[in-house]
Ligand SMILES: Nc1ncnc2c1ncn2[C@@H]1O[C@H](COP(=O)(O)OP(=O)(O)OP(=O)(O)O)[C@@H](O)[C@H]1O
């Protein structure tokens, strides 16, 4: 590391309900599940990220795995700070020991969080040695990360479906003129699947099983052109208590998710009603940009397009656009100063 390289110590953080991503020098250096495993007796942290995630549902009574964020908001500040500290330390280990002493940080946050929650996020970052701390809303960061020119006088609609929240925003001239933050996203989809399997197949499944089924055969519609094959799902028989396996199809998954997806669609339609006609005219042409991990659900773009009668585009790397956009803003603060969240 050169003597002046510390001036480049800028990190962008997407502290998500499900995944935490951190960039350094323009590259994603940390990509980890937002989960921490703690020994309940000693309070010692056993694992964070992937290692902690692999323990989900398989721990004994002395160990607890927790997601410190809920619905995009920090639910446990102590654990979230500890988790971030360890992840930043990892970053420091791969960069330089000098790093941890001085860096500027940008953090992407959901639109729906209160000023008190924003201040708490900033305080947390300060305790982690961040020198200057900037906040940006997740859909704004996603739009910039996807290459949308948010500073133009032109309306764009972004829907970011994460693990805890779905962020819907209409952006023009570097600001959000209408938007909603809905607490229905990937985690609710997992719960919907769990409930469906329990009711229809008398099978009790864990959270990670529900998530892997969603990723393997999950769909938002029941008429996919290239349908995934039916698959097996294992869990505990509700009646006998024995381990059991059943077959499940993508059509069943789409049925189980229907109510939640309809709620998201209603929020999208409400948001479209809230915008001035000139912006509606823009969005008729620019369409909807769909991103976030939840956007990878099969057929979701088709379904949204049918409901809104608008073109819906899905970008590459939907899990990365928020942190990439945040990184671009941090590196070009002069250009993007207006998109930052101020007056906190
Ligand atoms: N192929 C896939 N199909 C459907 N859902 C997926 C797929 N891959 C990942 N997901 C879901 O995406 C969600 C995580 O997305 P993302 O990382 O964008 O959210 P986050 O930033 O952690 O959450 P939030 O923005 O709500 O705080 C999880 O619920 C995960 O199950």
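The values are calculated or read from the model by the stated rules, or taken from the named source; none is laboratory data. Since the model is a prediction, treat every value here as computed from it, not as a measurement. Every residue, glycine as well, gets a Cβ built from its backbone with ideal geometry; the counts of neighbours run over all protein chains shown.
Values computed for the structure shown
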{"item": "Qualifying positions in the range 122-150 - in a helix (DSSP H, G or I) and either in contact with a strand residue (DSSP E or B) (Cβ under 6 Å, 6 or more places away or on another chain) or touching a residue at least 60 places away in the same chain (Cβ under 8 Å) (or both)", "result": "122, 125, 138, 139, 140, 141, 142, 143, 144, 145"}
{"item": "So residue 158, is it closer than 27 Å to residue 295 by Cα, away from the ligand (no atom under 16 Å from the Cβ) and buried (at least 24 other Cβ atoms within 10 Å of the Cβ)", "result": "no"}
{"item": "Top-ranked residue of the range 6-36 - restricted to ones that are part of a loop (DSSP other than H, G, I, E, B) and away from the ligand (no atom under 14 Å from the Cβ), ranked as nearest to the chain's Cα centre (by Cα)", "result": "26"}
{"item": "Yes/no for residue 264 being touching a residue at least 24 places away in the same chain (Cβ under 8 Å), farther than 16 Å from residue 189 by Cβ, crowded, with 19+ Cβ neighbours inside 10 Å and not assigned by TED's automatic domain parsing to the domain that holds residue 225", "result": "no"}
{"item": "Only listed residue being farther than 23 Å from residue 294 by Cβ and either assigned by TED's automatic domain parsing to the domain that holds residue 211 or more than 24 Å from the chain's Cα centre (by Cα) (or both), chosen from 58, 64", "result": "58"}
{"item": "Positions within the range 51-80 being in a strand (DSSP E or B) and farther than 12 Å from residue 36 by Cβ, in sequence order", "result": "70, 73, 74"}
{"item": "Restricting the range 165-188 to residues that are under 24 Å from residue 250 (Cα atoms) and buried (at least 24 other Cβ atoms within 10 Å of the Cβ), the residue that is nearest to the ligand (Cβ to nearest atom)", "result": "186"}
{"item": "Enumerated helices (runs of 4 or more DSSP H) restricted to the range 199-289, each holding at least 1 residues that are closer than 23 Å to residue 318 by Cα and at pLDDT below 95", "result": "207-217"}
{"item": "Residues located in the range 151-197, provided they are in a helix (DSSP H, G or I) and touching a strand residue (DSSP E or B) at 6+ places or on another chain (Cβ under 6 Å)", "result": "197"}
